[in-house]
1. Mind listing the lone cysteines of the chain, meaning no other Cys beta-carbon sits under 4.7 Å from theirs?
2. Could you work out the percent of alpha carbon pairs in segment 100-240 separated by over 23 Å, rounded to a whole number?
3. Compute the long axis of helix 55-69 from its Cα atoms, compare it with the longest principal axis of the Cα atoms of the chain, and write down the angle in degrees, 0 to 90, nearest 10.
4. Within the chain, what's the longest run with no GluC sites (Glu not before Pro) in a DSSP loop and at most 11 other beta-carbon atoms within 10 Å? Give the range, please.
5. Amide H neighbours of I15 under 5 Å, counting only residues 5+ apart in sequence or on other chains, H built in-plane at 1.01 Å?
6. How much length, in nm to one decimal, is gained on full extension between H216 and R239, taken as 0.36 nm per residue of separation minus their Cα-Cα distance?
7. Taking just the C-alpha trace of segment 155-225, give me its Rg and Dmax in Å.
8. Label points 7 Å out from Cα along the Cβ direction at E228 and D56: separation in nm?
Amino acid sequence: MTNERKVTDIKNIVILTGAGVSAESGIDTFRSAGGLWEKHRVEDVATPEAFARDPDLVLRFYDMRRERIQEVLPNAAHHALACLDAEWKGGLLIVTQNVDDLHERAGARRLLHMHGEHLNAWCTACDQRHVWRGTLFERPSCPACGVPGQLRPDIVWFGEMPYRMEEIYAALNRADLFVSIGTSGAVYPAAGFVRDAREQGVRTLELNLEPSQGSHWFDESRYGAATEVVPAWVDEILRG
Ligand code: OAD
């Protein structure tokens, strides 16, 4: 069954973004051929156990990624979503799985990072988070509590709870339209949002390079590069 809603009936939108949105800015996705998880094993760099076992390797990996995102620029998809954020009078929440800051650099404000942020360091001694642009490998002291060696990347690793889930589900409950952009639908709970949305009668749209793992859950799918399909969709929805 399709959840039919006219554009004019849509007030509240929830958008989920993934690595595909930042791909054309020059940031590797995770699961494409040559993607990040082909070059590095998740078990080596993206779990609390990996960090406990080999903190040097994990800190180096994230130091390199933190450096890389500061060299790239937002693309037309980030800019289109920021434009939607600025102009859409109804409710809007952009939930990103991305840990880069390209949505906010493009100007998006109604944004939430469910998997953490590269440009944050989290002190496990005092639980404070700090904007962090440099490296963590040298085990710097926490600017708040002064304890050395307790800062870790503020990234949600496999086996950890994504951030701000209550807010996300509350927004999904109010939504008329759920749009998934540039994500493979391989990682839960984000991969389950489309199903949750559909079960509540929310219209669902996928914008991706190819069918995602959950593509059959979407009322509509449009395939193409994010820098093309996202601006076209934003234009359409803003024109009503
Ligand atoms: P993936 O790498 O799993 O999926 C990226 C998706 O983007 C794929 O479906 C690609 O086809 C699509 N894609 C690639 N280039 C594109 C382009 N130019 N335009 C549009 N789509 C494009 O990345 P995510 O789904 O974001 O989690 O991965 C989800 C989570 O898995 C990440 O947040 C990360 C990872 O492990 C953590 O690190 C906790």
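The values are calculated or read from the model by the stated rules, or taken from the named source; none is laboratory data. Predicted model only: the values in this text are computed from it and were never measured. All Cβ positions, glycine included, derive from the backbone under ideal geometry; neighbour counts span all protein chains shown. Heavy atoms of the whole protein, side chains included, go into the accessibility calculation; ligands, DNA and RNA do not. Shrake-Rupley method; radii C 1.70, N 1.55, O 1.52, S 1.80 Å.
1. C83
2. Values: 4677 of 9870 pairs.
Tail of P(r) above 23 Å: 47 percent of Cα pairs.
3. With rounding to tens, the tilt is 50 degrees.
4. Details: sites that count: E4, E71, E138.
Within the chain, the longest run free of exposed GluC sites (Glu not before Pro) spans 139-240.
5. Close amide H contacts, sequence-distant or interchain: L93, I94, V95, V179.
6. Numbers: separation 23, 0.36 × 23 = 8.28 nm, distance 2.77 nm.
Gain on stretching H216 to R239: 5.5 nm.
7. 12.3, 32
8. 4.7
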